[in-house]
Amino acid sequence: MGRRLRAGRTSAMCYHFGVTPAPRAGVGVCRPVRRAHGARPDPAVPASNPISAPGAATARSRAVAFMVVAGVCWSTGGYLVRQVSISDAWEIVFWRSAFMSIFVTVVLAALHGRRMPAAIRGIGWPGLAAASLLTASFFFFIASLTRTTVANTFFLMSVSPFLAALAGRFVLREPVPARTWVAMAIAFGGVLVMFGGSLDAGRLLGNLLALGVSCAYAAQITILRAYHADVDLLPMVLVAGLVSIGVAAPLALPFEATARDLGVLAVMGSLQLGAGCLLATAAARHLPATQLGLLALLEPILGPVWVWVLMGESPGTAALVGGTIVLGAVIANEALGAFRARGAGSAAPIPPLG
């Protein structure tokens with residue numbers, strides 16, 4: 001697990017983060033793969049280098065399980081926020097980041113031992129900039145959840161891959177395939193449907209904050225690709241957590257979280273965010289970026305389900321219709337990208353999901 005997470009996406013990335021990844025949610029921090037002169041990659045399908053040694057099938061199956069669990073972990077963010085009695089986004093971010101930082105510090109200490117400080121310094125200036133954007137996504141994510149429905153937050157965050165593709169096109173001059181342009185146009189229509197419904201419900205600000213997560217994700221990926229950065233995900237997440245603590249602490253005072261709230265926020269920091277990133281890091285060693293992206297979509301799919309089934313928080317007609325359009329466009333684009341990568345021999349042969 002100590003190896004570095006290569007070019008792809010996060011969830012929540014980490015959407016997430018926000019993650020992720022998406023892969024997020026997602027979703028992963030990516031390093032552009034060095035290409036032969038004249039090669040034209042698909043920016044919406046980042047290249048990867050999955051293993052092909054004997055036993056690779058078992059390793060990939062385990063990696064799929066890791067990524068499924070990571071997506072489930074990330075998807076619980078909305079439900080867990082609804083379980084706390086406090087509504088101050090600053091305090092929620094503070095405690096979530098504090099518990100996450102403790103969890104990641106323990107993991108890094110176990111992985112690197114005395115070399116942990118060097119691993120943290122190794123993210124460099126690009127990693128520090130990306131961590132700052134990840135910090136912004138933490139605030140956008142929690143603030144969005146406190147101002148709109150969980151469904152709106154997760155559905156709108158799922159457009160992150162499209163915004164990253166646009167940033168790559170206009171900032172890095174990377175080509176965007178025709179299928180992605182079509183998918184983006186369809187997804188934009190879904191976003192308009194969701195925003196149209198939010199005007200009457202008073203949820204416009206929450207929806208805009210959810211899009212802020214996607215914008216932060218796109219900027220993060222663009223910076224890392226522009227500087228050809230090979231950044232270790234876990235140290236970067238730790239730096240983002242520490243920055244979040246420093247920013248949120250003075251704004252969160254006086255603290256009002258109860259003992260129960262702290263228990264829920266401990267789960268959010270260590271399991272929902274920390275364990276999700278750890279599992280995604282492990283999965284990225286054995287899966288192509290296209291499959292990582294597809295599996296990370298469990299986050300925006302399951303996120304609204306938990307609060308709907310367990311709490312009765314109905315997403316509303318506009319969110320359901322618009323979210324279905326957005327997710328359909330994202331899934332179709334990712335699936336076609338995975339098929340194209342497999343057909344071109346740029347990814348290991350992996351059975352289709354379902």
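Things worth noting here:
- Residue that is farthest from the chain's Cα centre (by Cα), among those in the stretch 108-154 that are part of a loop (DSSP other than H, G, I, E, B), surrounded by 18 or more Cβ atoms within 10 Å (Cβ to Cβ) and of a type outside the set (Ser, Thr, Tyr): Arg147
- Test: residue in the stretch 311-324 that is at pLDDT 90 or above, assigned to a helix (DSSP H, G or I), surrounded by 23 or more Cβ atoms within 10 Å (Cβ to Cβ) and touching a Pro at 6+ places or on another chain (Cβ under 8 Å): no
- For the stretch 222-250, the candidate set comprises residues that are surrounded by fewer than 16 Cβ atoms within 10 Å (Cβ to Cβ) and at pLDDT below 95; within that set, the residue that is nearest to Val107 (Cα to Cα) is His228.
- The residues of the stretch 203-241 that are farther than 20 Å from Met157 by Cβ and not in a helix (DSSP H, G or I), listed by number, are Tyr227, His228, Ala229, Asp230, Val231, Asp232.
The values are calculated or read from the model by the stated rules, or taken from the named source; none is laboratory data. Owing to the predicted nature of the structure, the values given are computational and were not obtained by experimental measurement. Cβ sites come from the backbone with ideal geometry, for glycine too, and all protein chains shown count toward neighbours.
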